[in-house]
Amino acid sequence: MTDVLKLIQQRQSTRVAYDPDRPVAEEDLRQIVEAARWAPTAHNMQNFDIIVVDDKRVLEKIGNIKSQVSEAFIRENYEQLSFSEEELLRKKVGILGSVFPPDWRDATRLDKAVRESRPTPLKQRINGSPVLLIVVYDARKRAPASEGDVLGFISLGCIMENMWLMAQSLGLSVHVLSVFAADAVEKEAKQILSIPEYMKIAYAFRMGHPVSKPAKHLRVRRNLEMFTYHNRFGNKGLG
Ligand SMILES: Cc1cc2nc3c(=O)[nH]c(=O)nc-3n(C[C@H](O)[C@H](O)[C@H](O)COP(=O)(O)O)c2cc1C
């Protein structure tokens, strides 16, 4: 049990460059996909498919897709930022602002950041990864009576966590790229990968081995008493 908790605590986003010449072993990929296979899904619908992309020519094509950070992202991202490690340690939620460009972390410069947002090729985010795992789902389906298919989306999250923990246990680095679900990127990626019209991209994993040891970054979580209640909402803690 402790081992599972340790693995969960150690899993993290690794946003540095990966070594394009250090492929992920086929056996490792098989185990990661096996972990996805056994994920819980609403009604056991298993409404997902995974496209493993490791052909350098296909990665190159995907890397040439341009994406532009949206106004909504820049403004809503700002709301989640802390401006010092002390602030992040105090808040215990959100992200350290220093990982973003200076204009994105200054309320008086957000308009400028939005105005100056330019399309950049996805290869900057793929950043050397030798393999991408692209998770897609059939948008024509929904879990029974699930408004907006919330249960289907939760299921896609279960798949994400299962794969991430498996990758972590194999010593592989992972970085989730939600940008693959953005309309413009999704459209081009679907074309390149021959994904049928009715399928949607949920997210992509970039995976691999970092080129250099990533610097330790501050990871925070709320204390248990901040989100658990005993017997009634508001009665903090586990009793
Ligand atoms: C549904 C989902 C989407 C995410 N999308 C992105 C993303 O597009 N880019 C990114 O850098 N991290 C993304 N993340 C990673 C989160 O930012 C990260 O898990 C969170 O900040 C906690 O950090 P940790 O993974 O190191 O524990 C995503 C995570 C989830 C669960």
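In segment 34-44, the residue that is nearest to the chain's Cα centre (by Cα) out of those that are buried (at least 17 other Cβ atoms within 10 Å of the Cβ) and hydrophobic (A, V, I, L, M, F, W, C) is Ala36.
Yes or no: Val58 farther than 23 Å from Asn162 by Cα and either of a type in the set (A, V, I, L, M) or assigned to a loop (DSSP other than H, G, I, E, B) (or both)? It would help to see each step written out before you state the result.
Working: farther than 23 Å from Asn162 by Cα: yes; either of a type in the set (A, V, I, L, M) or assigned to a loop (DSSP other than H, G, I, E, B) (or both): yes.
Spelling it out, Val58 is indeed farther than 23 Å from Asn162 by Cα and either of a type in the set (A, V, I, L, M) or assigned to a loop (DSSP other than H, G, I, E, B) (or both).
This table checks each residue for (1) within 29 Å of Arg140 (Cβ to Cβ); (2) away from the ligand (no atom under 16 Å from the Cβ).
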residue	(1), (2)
Ile8	no, no
Ser13	no, no
Asp21	no, yes
Ala25	no, yes
Leu29	yes, yes
Val33	yes, yes
Val53	yes, yes
Ile65	yes, no
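Can you give me the number of residues within segment 149-177 that are away from the ligand (no atom under 13 Å from the Cβ), within 25 Å of Arg22 (Cβ to Cβ) and crowded, with 19+ Cβ neighbours inside 10 Å?
Initial filter on segment 149-177 (away from the ligand (no atom under 13 Å from the Cβ)): 149-152, 166, 169-172.
Filter again for within 25 Å of Arg22 (Cβ to Cβ), leaving 166, 169-172.
Remaining after also requiring crowded, with 19+ Cβ neighbours inside 10 Å: 166, 172.
Residues in segment 149-177 being away from the ligand (no atom under 13 Å from the Cβ), within 25 Å of Arg22 (Cβ to Cβ) and crowded, with 19+ Cβ neighbours inside 10 Å: 2 in total.
Quick check, is Ser146 exposed (fewer than 14 other Cβ atoms within 10 Å of the Cβ), modelled with pLDDT of 95 or more, under 24 Å from Ala42 (Cα atoms) and hydroxyl-bearing (Ser, Thr, Tyr)? No. Count of segment 200-226 residues, restricted to those that are touching a residue at least 40 places away in the same chain (Cβ under 8 Å), away from the ligand (no atom under 11 Å from the Cβ), of a type in the set (Lys, Arg) and not in a strand (DSSP E or B), is 1. Only one entry in Leu59, Leu110 is surrounded by 17 or more Cβ atoms within 10 Å (Cβ to Cβ), over 17 Å from the mean Cα position of the chain (by Cα) and free of Cβ contacts under 8 Å to residues at least 60 places away in the same chain, namely Leu110. The single condition among (1) away from the ligand (no atom under 12 Å from the Cβ); (2) under 24 Å from Asp138 (Cβ atoms); (3) exposed (fewer than 15 other Cβ atoms within 10 Å of the Cβ); (4) small (Gly, Ala, Ser) that Ala189 does not satisfy is (3). Being more than 17 Å from the chain's Cα centre (by Cα), farther than 27 Å from Val58 by Cα and of a type in the set (S, T, N, Q) is a description that does not apply to Ser212.
The values are calculated or read from the model by the stated rules, or taken from the named source; none is laboratory data. All values derive from a computational prediction rather than experimental measurement. Here Cβ is always computed from backbone atoms with ideal geometry, including for glycine, and neighbour counts include all displayed protein chains.
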